[in-house]
Amino acid sequence: MQQSFIGGNGLIAAFVGGLVFGNMLSNSSVFIDEFMENEGQLLTMFTFFILWVVMVPLGIEHANWKTLVLAILFLSVIHVLPI
């Protein structure tokens with residue numbers, strides 16, 4: 001992980017910032033909870049959309065009947081086996 005120019009770590013800074021923000025919040029946090037839930041869902045959808053746009057064209061270039069059969073097996077039979 002790359003450190004900033006002053007020697008700090010961004011992951012630790014975000015974690016500590018979240019802890020401080022959570023402890024400083026004294027009133028009802030319904031708005032904050034709803035905002036975080038909505039933003040989390042939006043970012044998740046955006047991430048999957050970007051992965052879909054990048055990975056599907058690459059996968060289609062290399063697809064053949066063997067990969068199609070394997071995909072169907074993974075999505076149906078092999079996925080159910082652990083359950």
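Any read-out appearing in this document is the output of simple, stated calculations on the displayed coordinates, not a laboratory observation. This structure is a prediction, so every number in the text was calculated from the model and none was measured. Ideal geometry is used to build each Cβ from the backbone, glycine not excepted, and the neighbour counts take in all protein chains shown.
Based on DSSP H segments of at least four residues, each scored -39500 (n - 2.57), the chain has a per-residue ellipticity at 222 nm of -23000 deg cm²/dmol. Stokes-Einstein, applied to the Kirkwood radius of the chain over Cα pairs at a viscosity of 1.306 mPa s and 10 °C, places its translational diffusion at 90 µm² s⁻¹. Hydrophobic, long helices, defined as DSSP H runs whose alpha-carbon span along the helix axis is 15 Å or greater and whose mean Kyte-Doolittle value is at least 0.0, occur in the chain at 10-24, 30-61. Taking label positions 7 Å along the Cα-Cβ direction at both Phe74 and Asp33, the computed distance is 3.7 nm, reported to one decimal. At the listed q of 0.15, 0.21, 0.22 Å⁻¹, the Debye profile of segment 31-70, built from one uniform point per Cα, gives log10 I(q)/I(0) equal to -0.53, -0.69, -0.72. Picking from Leu42, Leu58, Leu70, which is most flexible by a Gaussian network model of the chain using Cα springs under 10 Å? With Cα springs under 10 Å in the chain, the top fluctuation among Leu42, Leu58, Leu70 is at Leu70.
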